[in-house]
Amino acid sequence: MPVPRARLVGRARELSELEAALDDVRSRANRTIVIAGEAGIGKTRLLDELTSRADGVTVLSGQCADSGSGPVPYAALAGLLHGIVRAIGPEAAVAAAGPAADALSAVAPQLVTPARGAGTDRIPEVFADLLTTFAAERPVAVIMEDLHWADDITRAVALRLARTAPPGLLLLLTYRSDDVGRAHPLRVVMAELDRARLTTRLDLGRLGEQEVREMAQDLLGASPDLDGRHDAGLDREALADLTDRSEGVPFYIEELVGFLGTDLPGTLRDILLLRYWNLSRQAQALCRVVAAAGPRVWHDVLDDVLADTSGGPGQRAGAGVGPEPEETAREAVDAQVLVATDIGYTFRHALVQEAVYAELLPGERRRLHAAHARALERALVRRSRSVAKLSRIADHWWRAGMLDKALAAAVVGHQAAADGAASSTAVTLGERALELWEQVPDAEAVAGLPHHELLRTVAEALRGATRTSRALALAHEAVAEWPAEDPVGLARMLAETALVAGQGGSDEGPELIDRALALVEPGRDDAVRGQVLVLRARHAMLDGRSEEAIAAATAAYDAGTAIGSDELASVALNLRGVGRIQLGDPDGLAEIEHGRELAGDSWQGLSRYYINGSDARITLGDWAGAAKIAQEGVAAAHRYGASEGSRFMIEGNIIEAWIGQGAWAEAADWYERTVPLIHDSVYAVYLSERRTWLAMWRGHVEQAQAEARRRAVGWERFGRLEAQIRSRTAVTLAELALLRDEPAVALEHVSTVIAPGHVLIPLYDLPPLAVAARAISRVRAAGQHVDDAPYRTVLARCSHWPTFPVWSAVFEAELGTGPWTTVADLPGPAHLRPYALYREGSRLLEAGDRGAARSALGSAVAEAEQIGAGLVVQHAKGLIDRAGLAGRAEPAGPGDAPASGSAQDVLTAREQQVLALVAEGLTNGQIADRLFISAKTASVHVSAILRKLGVSTRTEAALRAAR
């Protein structure tokens with residue numbers, strides 16, 4: 001029976017919060033709100049109420065869906081994209097997505113021409129760019145519902161939007177809290193959002209008895225009396241029964257209220273089927289057909305299913321619906337069981353669809369799934385091919401029990417999902433295909449590929465989903481099955497297995513590479529041999545076995561030259577150059593540059609140059625040169641549609657250059673936005689370590705300690721394979737141990753530089769030596785003897801390296817055998833100078849020279865505040881306070897710059913950039929966009945500028961800039 005809709009009951013606080021968020025985005029702020037609650041609790045109803053009040057705000061909505069075997073790929077993203085196209089048109093939508101718009105072909109192939117290798121893992125970034133452009137013209141609310149059914153890419157889009165939301169965008173995320181268990185991937189996303197304090201969370205609870213009464217009275221059409229109260233149309237017994245049966249869940253109240261006075265059902269399933277049972281037999285049959293479709297069904301596909309006669313005489317899929325399906329559908333819609341849309345039918349609530357689906361008899365279920373599969377296959381001719389359609393076809397055949405067709409469709413869907421970066425779908429369908437293989441006669445002919453090749457592709461999908469343990473197991477199975485008559489293919493498979501092993505923290509890579517090389521001796525297939533040699537060089541280089549890396553890279557270069565492959569030769573030269581630099585030969589840069597010339601337009605060669613070329617300059621202390629190369633690499637990565645892994649590594653080198661130069665606030669913003677987007681991988685190890693180190697030196701010590709504890713196992717696992725990771729994590733863990741006053745533990749972390757068999761790599765060994773000296777000094781201060789001679793021996797062997805002067809000066813100063821003033825005067829990473837000034841101030845104070853100590857400590861505070869080295873600020877200010885130096889004349893710090901000075905005299909280079917934009921009249925948000933920083937960081941810079949210039953308004957600051 002149709003019922004009127006009740007007023008929103010019991011959600012006044014939540015609605016007020018949401019309306020405030022709408023006001024914020026109308027004022028060009030951004031907000032993210034997560035709405036969580038059990039099924040039927042009213043999440044969608046609350047959003048409906050909000051959107052009815054969203055005057056002046058464009059609402060875009062997308063809903064995730066479940067196919068029964070996993071998420072429907074990109075379901076919510078397709079809805080958002082449809083809304084954008086409806087608002088501004090297809091051409092404008094594609095233009096707004098930017099140069100990587102072809103990545104949208106996986107979501108909407110009818111909008112963008114599908115292009116293989118279009119960088120579909122860039123969908124999160126493209127959606128962020130698209131919505132940023134869209135929101136620049138109007139305030140917008142982006143609704144992403146039912147994230148408990150989201151695929152990997154959709155979750156990544158939600159996380160990126162929350163972290164990079166532009167001004168004027170309200171992001172509303174909903175999910176069923178009762179469907180998100182401990183192992184659910186959405187928990188990781190929500191934890192990251194909570195940790196970064198990016199969201200407001202609204203948890204919807206069940207209604208109380210009075211709220212149940214109010215809702216029931218509304219649904220029954222009761223009118224208020226003169227005092228504004230509803231009449232007594234609901235007696236106490238009926239109310240108690242309704243409250244008990246519904247348990248305060250609004251959806252169940254709606255379902256039950258029309259049946260008061262009757263014997264109410266006792267189970268949830270029966271409650272959900274009340275309206276269904278009151279339909280005619282024909283309408284019930286139609287509802288069962290729709291339920292088998294999944295979350296929704298297109299009109300033309302439903303027509304095909306109803307007309308399907310493939311089941312044989314008397315087995316028509318639409319049997320029982322009657323001769324007039326549209327009238328039958330109208331009955332189901334009027335009864336509020338189904339909802340009709342422009343494109344098809346869906347159930348009023350997913351819970352009802354689940355309950356009706358459970359009503360299907362086994363034979364009926366198989367027939368309907370087979371009919372839906374056939375109808376969708378025909379729809380592929382009429383509509384664009386998409387991952388979502390292919391995955392649903394595969395699911396229907398599987399549920400129909402037609403194993404041969406299920407296998408064939410699973411393989412096709414798996415391959416399409418892998419090409420479309422829908423990793424969770426690729427894994428689900430790939431694993432299903434492997435499960436079906438043994439059950440289908442002549443499976444290879446049905447699947448269209450051999451079993452070992454299927455194992456290879458599923459392993460690759462699992463690697464993409466960061467399920468490296470399972471990926472490695474399947475890769476080994478593929479190796480074991482690979483036919484002996486295909487040695488070249490086996491060599492490729494061994495190399496891929498070695499790559500998976502490395503990314504999973506396994507040390508078996510070198511052995512696998514050796515086996516691969518034995519299969520492709522010189523002359524058999526030099527292209528494959530060259531690629532395997534490159535992999536050997538890379539493994540050796542990462543592990544610090546530089547001479548082995550150089551030898552393998554030289555062999556790869558010879559193979560590339562022999563077959564005329566500049567791409568192969570380029571990568572080989574790059575790796576050989578890195579190997580030479582590791583051995584302490586800065587001339588390895590020349591080979592890296594030569595590799596860049598050979599790369600031409602090959603992204604494989606260019607990406608190696610942008611990553612390793614910029615990293616090499618960082619190790620040489622050339623931060624400006626490193627940033628320049630990496631910034632060129634970011635632009636090129638966008639043009640080539642590079643993978644996220646490559647882009648993260650290139651961007652990460654820009655950030656490291658910023659750290660070296662002292663742009664710490666911008667670096668911290670980038671890590672906060674980026675690290676949570678990265679799955680467990682070697683990229684996550686590199687970036688999380690740098691993020692932790694930076695947090696520590698910025699003064700967020702407890703946060704850094706917690707992050708290090710959380711990441712320790714992964715750091716150790718990958719550190720066994722990569723020398724750079726070993727070195728960096730050792731330094732970070734040792735410095736954190738020193739902050740916990742555990743110098744012996746700190747020394748243990750960095751003592752690997754003197755371990756027997758340690759291979760000297762100056763660029764990696766110098767920073768640990770400096771920390772070792774600090775730890776030795778602290779251990780000695782505790783009354784224990786430590787011999788520093790072994791460390792000095794290693795230090796002397798690094799004397800030819802360009803950054804040796806500053807690190808050796810730190811080493812001597814930490815041990816008390818050299819002056820801190822030397823450290824302060826030498827070029828080095830930005831944090832070393834304020835740290836050295838602090839240590840020099842401490843020394844002077846101990847020597848009794850309070851005036852000089854006050855000067856040094858004041859300078860340490862000023863310079864540390866300038867880059868954001870909060871740890872130095874805390875220590876230096878603490879020493880000033882304890883020594884009673886506060887309040888005396890000290891050098892002017894950033895907050896004490898005289899108003900009479902010029903802007904150039906008192907502002908940092910970055911602050912001068914910001915001031916110039918202030919003078920142009922730009923807002924903080926516009927400044928943030930122009931400088932690629934967050935609006936919060938821009939605001940901090942503007943506040944510092946006003947303070948330093950001694951002015952109170954942006955206008956006054958702009959006038960000072962003009963002097």
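FYI, it's all coordinate maths here, none of it is from the lab. As the structure is a prediction and not an experimental result, all values here were calculated from the model. Every residue, glycine as well, gets a Cβ built from its backbone with ideal geometry; the counts of neighbours run over all protein chains shown.
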Using alpha-carbon positions, the gyration tensor of region 12-203 gives root eigenvalues a ≥ b ≥ c; with a/c under 1.5 called rounded, otherwise prolate if a/b exceeds b/c, else oblate, the class is oblate
Yeah, region 691-755 with a ≥ b ≥ c from its alpha-carbon gyration tensor (a/c under 1.5 is rounded, else prolate when a/b outruns b/c, oblate otherwise) is oblate
Mean Cβ-within-10 Å packing, highest first, puts peptides 440-451, 469-480 in the order 469-480, 440-451
Along the dipole axis of the chain (charges at Cβ: +1 for Lys and Arg, -1 for Asp and Glu; origin at the Cα centre), the most positive-end residue among Ala478, Ile84, Val779 is Val779
The answer for Val339, listing residues at least 5 apart or on another chain whose modeled amide H is closer than 5 Å to its amide H, is Thr346, Phe347, Arg348
Computed for the chain: size of charge dipole around the Cα centre, +1 on C-beta of each Lys and Arg, -1 on C-beta of each Asp and Glu, debye to nearest 20, value 1620 debye
For the chain, the charge dipole (Cβ of Lys, Arg +1; Cβ of Asp, Glu -1; about the Cα centre) points to a positive end, and the Cα of Pro827, Ala665, Leu517 closest to that extreme belongs to Pro827
Options (1) 1.70; (2) 1.00; (3) 1.08 are given for Cα Rg over 2.2 N^0.38 Å, and the computed one is (3)
Cβ-Cβ cut-off under 9 Å around Ser67, Lys and Arg +1, Asp and Glu -1: the net charge is -1
Mean separation of Cα contacts under 8 Å (at least 6 apart) over the residue count of the chain, i.e. the relative contact order in percent, is 7 percent
Amide H proximity to Ala29 below 5 Å, modelled H, separation 5+ or other chain, gives Gly168
What helix-only [θ] at 222 nm does the chain give? Using -39500 (n - 2.57) per DSSP H run of at least 4, over all residues, to the nearest 500, the answer is -20000 deg cm²/dmol
Cβ-Cβ cut-off under 9 Å around Ser177, Lys and Arg +1, Asp and Glu -1: the net charge is -3
Scoring only Lys, Arg, Asp and Glu (+1, +1, -1, -1) among other residues with Cβ under 15 Å from the Cβ of Ile761 yields -2
As straight-line cross-link partners of Lys628, the qualifying lysines (C-alpha separation under 18 Å, not fewer than 8 residues apart within one chain) are none
Quick calc, Arg86 & Asn278: beta-carbon distance into FRET formula, R0 35 Å, rounding 0.05, result 0.45
Asp486 and Ala782 label points (each 7 Å along its Cα→Cβ direction) are spaced in nm at 5.9 nm
Magnitude of the Cβ-charge dipole (Lys and Arg +1, Asp and Glu -1) of region 1-108 about the Cα centre, nearest 20 debye, reported as 280 debye
Rounded to the nearest 0.05, FRET efficiency between Ser384 and Ala712 (Cβ-Cβ, R0 60 Å) equals 0.80
The rounded separation in angstrom of the Cα centers of region 528-570 and region 77-116 is 40 Å
If the chain between Val951 and Asp24 were fully extended at 0.36 nm per residue, the gain over the current Cα-Cα distance would be 330.9 nm
Karplus ³J(HN,Hα) for region 542-549 (6.51 cos²θ - 1.76 cosθ + 1.60, θ = phi - 60°; Hz, whole; x = Gly/Pro) runs 5, 7, x, 8, 5, 5, 5, 4
The simple spin-label model distance between Glu742 and Ala590, using points 7 Å out along Cα→Cβ, in nm, is 4.8 nm
The long-range amide H neighbours of Ile35, using H built 1.01 Å from N in the peptide plane and a cut-off of under 5 Å, are Leu173, Thr174, Tyr175, Leu202
Karplus ³J(HN,Hα) for region 24-40 (6.51 cos²θ - 1.76 cosθ + 1.60, θ = phi - 60°; Hz, whole; x = Gly/Pro) runs 4, 6, 5, 8, 6, 8, 10, 9, 10, 10, 9, 10, 10, x, 6, 4, x
